[in-house]
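Let me begin by presenting the structure, written as structure tokens, before commenting on it.
The values are calculated or read from the model by the stated rules, or taken from the named source; none is laboratory data. Here the structure is a predicted model, which is why all the values come from computation and not from measurement. Cβ placement follows ideal geometry from the backbone for every residue including glycine, while neighbour counts extend to all protein chains displayed. Protein only, heavy atoms only, side chains kept; ligands, DNA and RNA dropped before computing areas. Shrake-Rupley method; radii C 1.70, N 1.55, O 1.52, S 1.80 Å.
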Amino acid sequence: MTRPLAATVVDVADRGAGLDWHRIGGDLDAHGCAVVRGLLSAEECAALAATYADDARFRSRVVMARHGFGRGEYKYFGHPLPELVVDLRTTLYPPLARIANAWNQAMGIAVRYPDALGDFLARCHRAGQRQPTPLLLKYGEGDYNCLHQDVYGEHVFPLQLTLLLSRPGTDFSGGEFVLTEQRPRMQSRVEVVPLGQGDGVIFPVRHRPLRGARGAYRVNLRHGVSRVRSGQRHTAGVIFHDAR
């Protein structure tokens with residue numbers, strides 16, 4: 001039996017406060033991504049994945065092969081978002097905004113992000129970006145996700161979170177999270193990120209600063225999922241900006 005698809009704000013806030021944000025920031029700077037182990041319980045993962053069958057919870061469904069995005073499918077949640085997703089978004093945004101502001105300063109980008117998610121979403125809404133972007137993705141055998149960026153409009157929060165809801169080695173095999181980094185006048189670097197059920201990976205939406213001999217410069221990133229060899233893989237994407 002799974003728990004209801006809700007976690008108290010206090011519970012999620014405690015998890016966020018208990019994270020090692022110094023380590024997370026250091027990993028993002030060093031590797032372009034940071035893994036957060038055990039962010040969700042097995043019960044929360046199962047409950048969240050189970051909502052995929054309830055079309056009333058979602059505003060749209062995308063079959064990747066129809067658009068050249070890969071194979072598999074995903075659905076964008078509609079309003080109201082699941083409480084767990086709302087709480088994760090609200091709790092993780094402030095420390096990520098501090099990292100994002102430091103990155104923009106290093107890259108010479110003037111945009112700064114407010115301390116609270118609600119203030120940032122109000123900025124999105126004034127620009128016509130009102131559609132929620134958190135989503136669930138479902139992959140079966142042979143499915144994969146091509147390298148891409150989740151932009152959705154003029155206002156983009158530069159960090160996002162993917163959560164693995166299935167059990168690797170039990171529910172599925174293959175299907176690794178992949179991040180590529182394109183550096184100026186250099187060959188691209190690839191990062192393959194092993195995740196367990198309930199783990200999250202924080203990573204850039206499209207670019208990050210990298211320190212070189214002459215100071216920081218901007219590198220572009222894309223993310224995707226390698227081919228699922230067997231079984232079924234569910235993930236949740238927590239994106240902090242809304243879409244047009």
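Hey, got the dipole for the chain? About the Cα centre, +1 on K and R Cβ, -1 on D and E Cβ, debye to the nearest 20? Working shown, then result.
On the way: 31 positive and 24 negative charges, 204 e Å.
The calculation lands at about 980 debye.
Which number comes out as Rg/Rh for the range 162-228 once both Rg and the Kirkwood Rh are worked out on C-alpha atoms? Intermediate values should be presented prior to the final figure.
Details: Rg = 14.5 Å, Rh = 13.4 Å.
The Rg/Rh ratio comes out at 1.08.
Counting each DSSP H run of 4 or more residues in the chain as -39500 (n - 2.57), what helix-only mean residue ellipticity at 222 nm follows after dividing by all residues, to the nearest 500 deg cm²/dmol? Kindly include the intermediate steps, with their values, before the conclusion.
Details: 6 runs with 69 residues, N = 244.
Rounded to the nearest 500, it is -8500 deg cm²/dmol.
With N denoting the number of residues in the range 1-124, provide Rg(C-alpha) divided by 2.2 N^0.38 Å, to two decimal places. Walk me through the numbers before you get to the answer.
Working: Rg = 16.9 Å, N = 124, 2.2 N^0.38 = 13.7 Å.
The value comes to 1.23.
How many nm separate the modelled label positions at Gln105 and Arg61, each set 7 Å beyond the Cα in the direction of the Cβ?
Label-label distance for Gln105 and Arg61, simple model: 4.7 nm.
Around Val156, what is the net charge, scoring Lys/Arg as +1 and Asp/Glu as -1 over all other residues with Cβ under 10 Å from its Cβ?
On the way: positive: Arg206; negative: Asp150, Glu154.
After counting each charged neighbour, the total is -1.
Starting from the Cα-Cα distance between Arg229 and Asp54, subtract it from 0.36 nm times their residue separation and give me the gain in nm to one decimal. Don't skip to the answer; put the middle values down first.
Values: separation 175, 0.36 × 175 = 63.00 nm, distance 2.63 nm.
Here the segment from Arg229 to Asp54 would lengthen by 60.4 nm.
Can you give the net charge of the other residues whose Cβ lies under 12 Å from the Cβ of Asp242, counting K and R as +1 and D and E as -1?
Spelling it out: positives minus negatives among the neighbours equals +4.
Name the residue, out of Ala213, Ala49, Ala122, whose mean-square fluctuation peaks in a Gaussian network model built on the chain with Cα pairs under 10 Å.
Answer for the Gaussian network model of the chain: Ala213.
If you stretched the chain out fully between Arg23 and Ser41, how much longer would it get, using 0.36 nm times the residue separation minus the C-alpha to C-alpha distance?
4.3 nm
When the convex hull of the Cα atoms of the range 70-135 is projected onto a plane and the area is averaged over all directions, what value comes out in nm²?
For the range 70-135, averaging the hull's shadow over all directions gives 6.1 nm².
Using a Gaussian network model of the chain whose springs link C-alpha atoms within less than 10 Å, name the residue from Glu44, Glu83, Glu181 with the highest mean-square fluctuation.
Evaluated over the chain, the most mobile residue of the options is Glu83.
Tell me, what ³J(HN,Hα) does each residue in the range 237-244 have, in order and in whole Hz, if you take phi through Karplus 6.51 cos²θ - 1.76 cosθ + 1.60 with θ = phi - 60° and put x for Gly and Pro?
With the stated coefficients, the range 237-244 comes to x, 10, 10, 9, 9, 8, 10, 6 Hz.
Note the direction-averaged projected area, equal to a quarter of the hull surface, for the Cα convex hull of the range 104-169, in nm². List each step's numbers first, then the result.
Numbers: hull surface 27.6 nm².
Its average projected convex-hull area is 6.9 nm².
Specify, per residue and in Å³, the volume enclosed by the convex hull of the alpha carbon atoms belonging to the chain.
Numbers: hull volume 31.2 nm³, N = 244.
Looking at the chain, the number lands at 128 Å³ per residue.
So, for the range 1-130, what is the accessible surface per residue at a probe of 1.4 Å, expressed in square angstrom?
On the way: 6540 Å² over 130 residues.
I get 50 Å² per residue for this part.
Between the range 146-175 and the range 40-111, how many Å separate their Cα centres?
About 8 Å separates the Cα centre of the range 146-175 from the one of the range 40-111.
Which number comes out as Rg/Rh for the range 54-177 once both Rg and the Kirkwood Rh are worked out on C-alpha atoms?
Values: Rg = 16.3 Å, Rh = 16.5 Å.
Reported Rg/Rh, Kirkwood definition of Rh: 0.99.
Quick check: net charge around Pro82, other residues with Cβ under 11 Å of its Cβ, Lys/Arg +1 and Asp/Glu -1?
Numbers: positive: Arg57, Arg89; negative: Glu44, Asp54, Glu83, Asp87.
Computed value for this residue: -2.
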